[in-house]
Amino acid sequence: MTDIPVVVVAAALYDSAGRLLAARRSAPPELAGRWELPGGKVEPGEPPERALVRELREELGVAAEPVARVPGEWPLKPGYVLRVWRTRLLSGEPEPLEDHDALRWLEPDEVWSVDWLDQDVPAVAAALEEA
Ligand code: DCM
């Protein structure tokens, strides 16, 4: 297996009060209803941090700034890997514009109260360790 995996970038997006954003997927059917760190695929030749900023603008309508990469990389479906950045909200109030049907700002003691996608669980745990 020599194929280079597609990188999916996602944000551990925090507001000024230190709450973490969770987004509920509306598609595809096997993932719908589960919660994730918002993000998406890096396009060929695109720097990953730029892809993250683009995805957050497209999906949530906000301006955000990646602050630090969360160490680690998590396998998704075959050929895809997930990387996460701690990200600061710069402006805008997130809205579920694309791919999501609900958003929640989670207080630190609420982080495990949503049904995260299986593959996002270790990524969320790693993001919290870095907090
Ligand atoms: N994905 C994931 N966890 C995330 C973001 C995305 O498991 N936090 C997965 C879902 C899709 C793929 O990555 O299989 C591409 O995401 P999208 O459809 O949002 O571009």
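The values are calculated or read from the model by the stated rules, or taken from the named source; none is laboratory data. Since we're looking at a predicted model, the values are computed, not measured. A quick note on method: Cβ atoms are made from the backbone with ideal geometry, for glycine too, and the neighbour counts reach across all protein chains shown. We work out accessible area using only protein heavy atoms, side chains counted, and drop any ligands, DNA or RNA first. Shrake-Rupley method; radii C 1.70, N 1.55, O 1.52, S 1.80 Å.
Brief remarks follow.
- Filter pass, Arg34 being open to solvent by 50 Å² or more (accessible area, probe 1.4 Å) and either without any contact (Cβ under 8 Å) to a residue 60 or more places away in the chain or within 12 Å of the ligand (Cβ to nearest atom) (or both): yes
- Val67 vs. criteria of a type in the set (Val, Ile, Thr), over 23 Å from Ser113 (Cα atoms) and in contact with a strand residue (DSSP E or B) (Cβ under 6 Å, 6 or more places away or on another chain): yes
- Criterion applied to Asp99, Asp115, Asp109 was being open to solvent by 50 Å² or more (accessible area, probe 1.4 Å), more than 15 Å from Ala10 (Cβ to Cβ) and either among the hydrophobic types (A, V, I, L, M, F, W, C) or in contact (Cβ under 8 Å) with a residue 60 or more places away in the chain (or both), and the one residue passing it is Asp115.
- Residue in region 48-83 that is nearest to the ligand (Cβ to nearest atom), counting only those that are in a loop (DSSP other than H, G, I, E, B) and open to solvent by 60 Å² or more (accessible area, probe 1.4 Å): Lys77
- Filter pass, Val124 being in contact (Cβ under 8 Å) with a residue 60 or more places away in the chain, under 29 Å from Asp3 (Cα atoms) and within 11 Å of the ligand (Cβ to nearest atom): yes
- The set of residues in region 9-26 being out of contact with any His (no Cβ under 9 Å at 6 or more places or on another chain) and surrounded by fewer than 22 Cβ atoms within 10 Å (Cβ to Cβ) consists of Tyr14, Asp15, Ser16, Ala17, Gly18, Arg19.
- Among residues of region 37-47, those that are touching a residue at least 24 places away in the same chain (Cβ under 8 Å) and either assigned to a helix (DSSP H, G or I) or surrounded by fewer than 21 Cβ atoms within 10 Å (Cβ to Cβ) (or both), counted: 3
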